[in-house]
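Novice: Before anything else, here's the structure in question.
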Amino acid sequence: MQAIICREKNDPDCDDLLTYLHDKEIKFYIINSLTDIISCLKQLDQNKPFLLYRNAFERIECPELILKFHEENPNFDSLIIDGERVTYFPRQVRLLRDIVVTERMMLDFDSPYFSVSNLHKTLKRPITDPVHIFVLAFQRHIYFELSLNSLLYSFDLSVPVTIFLNGSSPQVKDIALRKAAIFPQIDIVEVTNNCNHAVVTLAALWTKAKKFLIWEDDFILPPIAKTLFPFWPYQFAHRLNKFDLVGWSVITENIPEWHTTLGNFFPRKDYAFYDWVYGGNIPFGGGNGIPPYLASTTKPMILGQALATHLDFYKSCISGPPWYGTTDYSLLKKANDYCLPGLRGYHIGWNQQMDGLGNHNKKSLKEAPLTNTLESIITGRKETYNLAEDVKNL
């Protein structure tokens, strides 16, 4: 019996799965990406089916019984569990970009298969704490609700989410309250002043999170994110042990105008949705003789809509007065390395002029007030911070 496991080089380990397969005498092969599957197939017994684990988090009930049944019933192209094909015969497999198919599937989508109803697939959560998600909420309530819907759909109730109402409108506050009534892991914190970029510093002070993700209110994650990157807040946290930044990227097809950095090489390179993409040791903003604009158009693009980092790196990027915060560009310029999923989201904020919400280029960024009071609508906790002093305590 045999299996292929797609475990990306920086994924958490899956030792429990490997031990189980070994004990059941199922020989397994590990590939870094589905793009490597064709070369791996050459090592398999071509006349026997193999079980495919599409990521390191999948677990399949009774794999030995599944393989035995398929071996005894080779007239089926595949066995299907919970709506997904899990077994194939190596000699029949072909790869079409993001999907594994068989020769007969290429000719007839309804090629013979058997659906197993009494066994199921599950997902094993990584053994680590997830990133704490800071949702930065401002005035655009329509964008905010769409963005929050996509975020909360993409993971389970174990991921902490704190919404920071930073100069927010009543409509935004109402949406936050309605979501908190459904999702128990949500806290809502009102900030007395609009602190601009310093709100992330205040969020770090409030939560004391060591690893966090800055989620802006104008980014939409595709529904398939939770399938292709299960438990992604945990995956991001695991990768922050090695990388300064991990984040979701965006498509650029809706840029509002031709832009030196984003538009002149439009459209940017596309990546296989299920893969991880790496930035390398030249920052997104350029360096080591690479001009900023060349680097930012040839390297994988990562901006600030959904950007995760660890506290030590964030502290190294904080500016002094009058901002007491940092920008996504500053984080990217200083990062030694970063990585991102190949799947990209949608930056709806680029649509704001089209949607009658003002010119995105005309921003009046005011300096952050030194003293700020934060209060949780959910718990009643209240804290006052002085940015000039308390930033030293991060």
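Just so you know, all these numbers are worked out from the coordinates, no wet-lab data involved. Remember, predicted model here, so these are calculated numbers, not experimental data. Cβ sites come from the backbone with ideal geometry, for glycine too, and all protein chains shown count toward neighbours.
Novice: Pull out the extension gain between Lys210 and Leu107, defined as 0.36 nm times the separation in residues minus the alpha carbon to alpha carbon distance; nm, one decimal.
Specialist: Going from the current span to full extension adds 31.9 nm.
Novice: Quick check: from the Cα gyration tensor, does the range 111-151 come out rounded (a/c under 1.5), prolate or oblate? Display every interim value, and only then the final one.
Specialist: Numbers: a/c = 5.62, a/b = 1.92, b/c = 2.93.
Since a/c reaches 1.5 but b/c is at least a/b, the shape of the range 111-151 is classed as oblate.
Novice: Also: To the nearest Å, what is the center-to-center distance of the range 122-149 and the range 11-59, using C-alpha atoms only?
Specialist: 32
Novice: May I ask you to order 236-244, 310-318 by the average number of other C-beta atoms within 10 Å around their residues, highest value first? All intermediate terms of the calculation are to be shown ahead of the outcome.
Specialist: Values: 236-244: 21.1, 310-318: 16.2.
Descending packing order for the listed peptides: 236-244, 310-318.
Novice: Take the cross-link list Lys68/Lys226; Lys24/Lys48; Lys210/Lys315; Lys42/Lys226; Lys179/Lys211 and give me the ones stretching past 20 Å between alpha-carbons. Working shown, then result.
Specialist: Values: Lys68/Lys226 30 Å; Lys24/Lys48 16 Å; Lys210/Lys315 11 Å; Lys42/Lys226 31 Å; Lys179/Lys211 23 Å.
Where the Cα-Cα span goes over 20 Å, the pairs concerned are Lys68/Lys226; Lys42/Lys226; Lys179/Lys211.
Novice: From the square roots a ≥ b ≥ c of the eigenvalues of the alpha-carbon gyration tensor of the chain, which class results: rounded (a/c under 1.5), prolate (a/b over b/c), or oblate? Walk me through the intermediate numbers first.
Specialist: On the way: a/c = 2.15, a/b = 1.86, b/c = 1.16.
Prolate shape, in that a/c is at least 1.5 and a/b is the bigger ratio.
Novice: Could you give me the percent of Cα pairs per 5 Å distance bin for the range 2-123, shortest bin first, beginning at zero and ending with the bin that holds the maximum distance?
Specialist: Distribution as computed: 2, 11, 23, 25, 23, 12, 3, 1 percent.
Novice: If the cut-off is 17 Å between C-alpha atoms, which lysines fall inside it for Lys299, apart from same-chain ones fewer than 8 positions away?
Specialist: Lys269, Lys333, Lys334
Novice: Taking GluC sites (Glu not before Pro) that fall in a DSSP loop and have at most 11 other Cβ atoms within 10 Å as cut points, what is the longest piece of the chain between them?
Specialist: Details: sites that count: Glu25, Glu253, Glu257.
Looking at the chain, 26-252 is the longest stretch - no exposed GluC sites (Glu not before Pro) with at most 11 other Cβ atoms within 10 Å.
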